[in-house]
1. Does CYS102 qualify as being over 29 Å from GLU32 (Cα atoms) and part of a loop (DSSP other than H, G, I, E, B)?
2. Answer with yes or no whether ILE75 is part of a helix (DSSP H, G or I) and not small (Gly, Ala, Ser).
3. Among the residues in segment 14-24, are any more than 16 Å from the chain's Cα centre (by Cα), in a helix (DSSP H, G or I), surrounded by 11 or more Cβ atoms within 10 Å (Cβ to Cβ) and among the acidic types (Asp, Glu)?
4. Checking ASP28 against (1) at pLDDT below 85; (2) closer than 30 Å to VAL10 by Cα; (3) surrounded by 10 or more Cβ atoms within 10 Å (Cβ to Cβ), only one condition comes out false. Which one?
5. Is there any pair linking a residue in segment 14-36 that is closer than 16 Å to CYS79 by Cβ to one that is surrounded by fewer than 12 Cβ atoms within 10 Å (Cβ to Cβ), with Cβ under 6 Å and at least six apart or on different chains, and which?
6. Here are some residues: GLY56, GLY72. Which one is surrounded by fewer than 10 Cβ atoms within 10 Å (Cβ to Cβ) and under 20 Å from ALA12 (Cα atoms)?
Amino acid sequence: MTGHPYILTVGAVAGDEECYDVFCDLFDPIIEDRHGGYKPGDQHKTDLKSEHLKGGDDLDPNYVLSSRVRTGRSIRGFCLPPHCSRGERRAIEKLSIEGNPCK
């Protein structure tokens with residue numbers, strides 16, 4: 001897919017988890033194109049074991065002063081951000097705080 005070089009979004013927004021099933025004819029090809037061939041039956045590989053991390057041990061502290069990790073959220077039972085109400089956002093915030101071991 002091609003488009004304007006400064007607009008990096010795909011232009012399709014899902015309001016909740018069910019949208020991916022109901023509108024699979026729209027979303028599946030977009031996801032496959034955007035994520036390098038990721039097919040509807042593919043499974044995301046998740047490895048949360050810190051001992052399996054690769055790299056980073058050779059970083060020069062004179063150049064790397066800090067780093068950060070960005071996370072996203074999709075919590076089953078809640079609308080996705082484009083359709084999320086203020087009350088749902090507060091409930092998600094509460095869940096996030098309760099689930100954070102670093103309070």
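The values are calculated or read from the model by the stated rules, or taken from the named source; none is laboratory data. These numbers come from a predicted model, not from an experiment. Every residue, glycine among them, receives a Cβ derived from its backbone with ideal geometry; neighbour counts consider all protein chains shown.
1. So CYS102 passes the test.
2. no
3. no
4. So the condition that ASP28 fails would be (1).
5. What qualifies is GLY15/PRO82.
6. GLY72
Each row is one residue, and each column tells you yes or no for (1) of a type in the set (Ser, Thr, Tyr); (2) modelled with pLDDT under 90.
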position: GLY3; (1), (2): no, yes
position: TYR6; (1), (2): yes, yes
position: TYR38; (1), (2): yes, no
position: LEU53; (1), (2): no, yes
position: PRO61; (1), (2): no, yes
position: GLY87; (1), (2): no, no
position: GLU98; (1), (2): no, yes
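Yes or no, residue by residue, for (1) touching a Pro at 6+ places or on another chain (Cβ under 9 Å); (2) surrounded by 12 or more Cβ atoms within 10 Å (Cβ to Cβ); (3) among the charged types (D, E, K, R); (4) touching a residue at least 24 places away in the same chain (Cβ under 8 Å):
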| position | (1), (2), (3), (4) |
| --- | --- |
| ILE7 | no, no, no, no |
| GLY41 | no, no, no, no |
| LYS45 | no, no, yes, no |
| VAL64 | no, no, no, no |
| LEU80 | no, yes, no, yes |
